[in-house]
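Please see the structure below; I have some questions.
The values are calculated or read from the model by the stated rules, or taken from the named source; none is laboratory data. As the structure is a computational prediction, the values presented were derived from the model and not from experiment. A quick note on method: Cβ atoms are made from the backbone with ideal geometry, for glycine too, and the neighbour counts reach across all protein chains shown. To get the accessible areas, we keep the full protein, side chains included, count just its heavy atoms, and leave off ligands, DNA and RNA. Shrake-Rupley method; radii C 1.70, N 1.55, O 1.52, S 1.80 Å.
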Amino acid sequence: MVETMARTRLLKPIKWVREDLKKKDSFWPTEELKKKAWVSNELIYKEAAKDPVAFWGKLAREEIDWYEEFSSEKTYWEDLPHFKWFVDGKLNACYNALDRHVKAWRRNKAAIIWEPESVNEPTRVLTYYDLFLKVNKFANVLKSLGVKKGDRVGIYLPLIPEVQIAMLACARIGAIHSVVFSAFSGRSLKERMIDAEAKVLVTADGYYRRGRSLNLKANADIGVEGTDIKSVVVVKRIGLEVDTVDGRKIVRLGLDTDMIEGRDFWWHDLMKDADSYCEPEIMDSEDTLFILYTSGTTGKPKGIIHETGGYITQALWTTKWNFDMHDEDLFWCTADVGWITGHTYSCYGPLLCGATMVHFEGAPNYPDIGRWWNIIQKYGVTIFYTAPTAIRMFMQWGEEWPKKYDLSSLRILGTVGEPINKEAWMWYFKHIGGERCPLIDTWWQTETGGALINSLPGIGPFIPTVAGRSFPGITSAILDEEGNPVTKDEGGYLVLKSPFAPGMLRGVFKNPERYEKTYFGVYGNKTYYTSDGARFLDEMGNIRLTGRVDDVMKVAGHRLSTAELENALTEHPSVVECAVVATPHPIKGEVPIAFVILKGEEGSDTIRKKLMDQVNQMIGPTARPDKIIFTEDLPKTRSGKIVRRLLKTLVKGEKIGDVTTLMNPESVEILRKKLASTKQS
Ligand code: AMP
């Protein structure tokens, strides 16, 4: 009998649950799901733990094509915290993502199905061969602009297929890409391009957001000024859209694009004459594939370095096992390529697996709240990966929206980016997954390169608010301040133990001290400090994440440091001093609240707007504070340091302890009153 996905039982209800998990809502894979899954036997964890280096070595040989074999006998761990994987191995990431498939039956399989924001614009489908041709051509374009192995190329593009084409073209010629999220400001781009010493920038004239054209090139121009960038390649995205307004078809005319002669080139002009084959560069396993900037606890973003062999091995295998990716699956990861999730699961991982991905250019609620669910129905998405903040947004809009669509093609759901609360987990599980689909809550970071803690679809368990166990071959621990392992019920600091995952960062660009201090300065060179709080839930090693323990917040899944925001605000001439803290938010997870002391002027809506604009210009709209509280004083220690811990307690409305040791204890009560009377956002 032919059974539809909708009727296939993928999960066992609670009565099958093991003794120790009986009291919790938890789910286990059914025999059907196990039968299909790449991994379904618990023994994998034990076997991998016996010899993680050999385990990863086996995985790296199984699916990656190497020009020259790596030598597994070498010890990679002699110089901790600096480590290497697959030493002496030679390979090319682009070759593995494309050529390998083009040479075999996947040649004409769809690699990317791209859905534009406008419902009137046609879908673009790029087969592996299409992608291969375009990547080869663009690799030649980059070469013609003087880009060589090891050079840095900035990529500042919206979610259009050219973003993956540009990334893979860099990988093909051994150039190091550094993608900057397109909603970041020109100033943010510039800061990153200066640090990366980029030679070329790939950008677009603009992009569409909720039907409006946004001028990306104007931001790119700000980002390029004062950097080493000699050439800017501009994709024409705006002005090509055909839309229907009042029943009439119209062609939207795009923004005028200022092109600087000799520096700026249209993508389509350069591609026209480019050769359609470019020999892939032979790269060492430990050659850098990309740098991705992320927020740390200081105001300066850090360039996280990922190397070729380890990163692609981990990207491939975590995609394959965490999402149980099969050839017939259709994968949709909603993350923008500007973030690590987009690098690993909207580009490298699925392509390395030979999978088909859907990408959507626009906003989730445009032209209406059903858009995402419509896309799942339209293409038959089977694996869907998104952020808890998006789920909470949809919860607020109501389950009647997903109900209008047939979501029965879905078989696996995933989340990433922040802890998912039980209500959101259950809503996603019920209204999107139809209570059939395992929900994989994946914990990871820009630094770890790929998801490292989550339940595997064929093994489980799937427990709301619990990420699960570490990926096979990865050892995590939860420690107290002294470095002792904590027991089941206490919370502690999540760490990863050596041997570290192959795809983990190898450094912070041009800043080895920051690498050593941030990640290995707490518990020593054999223990990577994640800056996340966590607790073990049971003897199996299932982990619940409790959030960041440093001054980094996750706003709608986007990583942001309080210091970056403080820097942006204090650059405004009216600001004397400020402090930013994160506070919980029902949809975005966390939002920043700024306490600002002004220079000789009263707080007003005008200055508040100016400060919001300042944040937009310096960082981007994702960083806008939820509230700006004007004050004359901030709570300080006797040595003059702002006590942010107290501000955090205040914004959460929690009880304040003893404040008598402060230099200005009265400031606390004043701030409490101000907070109570401030409603704006
Ligand atoms: P990013 O480097 O932007 O991916 O942010 C990494 C941070 O996001 C981690 O340090 C965690 O604080 C948070 N995070 C990512 N995934 C999860 C998850 N599944 N559960 C809880 N927190 C998460």
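Does Asp658 satisfy being open to solvent by less than 50 Å² (accessible area, probe 1.4 Å), over 17 Å from Glu577 (Cα atoms) and of a type in the set (Asp, Glu)?
No, not satisfied.
Restricting region 440-467 to residues that are within 11 Å of the ligand (Cβ to nearest atom) and among the aliphatic types (A, V, I, L, M), which is nearest to the chain's Cα centre (by Cα)?
For region 440-467, the residue satisfying everything is Ala451.
Of all residues in region 382-406, count the ones that are open to solvent by less than 30 Å² (accessible area, probe 1.4 Å) and either hydrophobic (A, V, I, L, M, F, W, C) or in a loop (DSSP other than H, G, I, E, B) (or both).
Of the residues in that region, 8 qualify.
Tell me the residue from Glu435, Glu481, Glu423 that is acidic (Asp, Glu) and outside the structural domain of Thr319 (by TED's automatic domain parsing), please.
Sole residue among the options that is acidic (Asp, Glu) and outside the structural domain of Thr319 (by TED's automatic domain parsing): Glu481.
Being away from the ligand (no atom under 13 Å from the Cβ), in a strand (DSSP E or B) and open to solvent by 20 Å² or more (accessible area, probe 1.4 Å) is the filter here; which residues of region 478-499 pass it?
Pro485, Lys497, listed by residue number.
Within region 407-420, which residues are under 17 Å from Asp329 (Cβ atoms) and not small (Gly, Ala, Ser)?
Of everything in region 407-420, those that are under 17 Å from Asp329 (Cβ atoms) and not small (Gly, Ala, Ser) turn out to be Leu407, Leu410, Arg411, Ile412, Leu413.
One residue is enough: does region 430-437 have a residue meeting the conditions open to solvent by less than 30 Å² (accessible area, probe 1.4 Å), under 15 Å from the mean Cα position of the chain (by Cα) and not basic (Lys, Arg)?
No, region 430-437 has no match at all.
Sticking with this one: Of the residues Glu577, Glu571, Glu564, only one is touching a Leu at 6+ places or on another chain (Cβ under 9 Å) and either within 27 Å of Leu671 (Cα to Cα) or among the β-branched types (Val, Ile, Thr) (or both); which?
Answer to the check: Glu577.
How many of the residues in region 434-461 are assigned to a loop (DSSP other than H, G, I, E, B) and of a type outside the set (Phe, Trp, Tyr)?
The qualifying residues number 18.
Hey, among Lys609, Lys652, which residue is out of contact with any helix residue (DSSP H, G or I) (no Cβ under 6 Å at 6 or more places or on another chain), open to solvent by 40 Å² or more (accessible area, probe 1.4 Å) and in contact (Cβ under 8 Å) with a residue 12 or more places away in the chain?
Answer to the check: Lys652.
In region 544-574, which residues are in a helix (DSSP H, G or I) and of a type in the set (D, E, K, R)?
Glu564, Glu566
Then there's this: Test Trp427 against the criterion of being within 16 Å of the ligand (Cβ to nearest atom), open to solvent by 10 Å² or more (accessible area, probe 1.4 Å) and modelled with pLDDT of 95 or more, and give yes or no.
no
Just to check your reading of the model, which residue among Thr344, Thr298 is surrounded by fewer than 21 Cβ atoms within 10 Å (Cβ to Cβ) and closer than 30 Å to Asp550 by Cα?
Thr298
Only residues that are crowded, with 22+ Cβ neighbours inside 10 Å and either free of Cβ contacts under 8 Å to residues at least 12 places away in the same chain or within 16 Å of the ligand (Cβ to nearest atom) (or both): list them for region 281-295, please.
Hits for region 281-295 are Phe290, Ile291, Leu292, Tyr293, Ser295.
Shifting gears a bit: Can you name every residue in region 551-576 that is without any contact (Cβ under 8 Å) to a residue 60 or more places away in the chain and more than 28 Å from Met395 (Cα to Cα)?
Selection gives Ala568, Leu569, Thr570, Glu571, His572, Pro573, Ser574, Val575, Val576.
Right, Ser409: in the same structural domain as Ile44 (by TED's automatic domain parsing), in contact with a Ser or Thr (Cβ under 6 Å, 6 or more places away or on another chain), open to solvent by 10 Å² or more (accessible area, probe 1.4 Å) and within 13 Å of the ligand (Cβ to nearest atom) or not?
no
How about region 577-593: which of its residues are out of contact with any helix residue (DSSP H, G or I) (no Cβ under 8 Å at 6 or more places or on another chain) and open to solvent by 20 Å² or more (accessible area, probe 1.4 Å)?
Selection gives His585, Glu590.
Let me ask something additional. So Ile420 passes all but one of these: (1) within 21 Å of Thr319 (Cα to Cα); (2) at pLDDT below 95; (3) assigned to a helix (DSSP H, G or I). Which condition number does it fail?
(3)
Only helices (runs of 4 or more DSSP H) wholly contained in region 21-118 count here; list those with 2 or more residues that are assigned by TED's automatic domain parsing to the domain that holds Asp336 and open to solvent by less than 10 Å² (accessible area, probe 1.4 Å).
52-63
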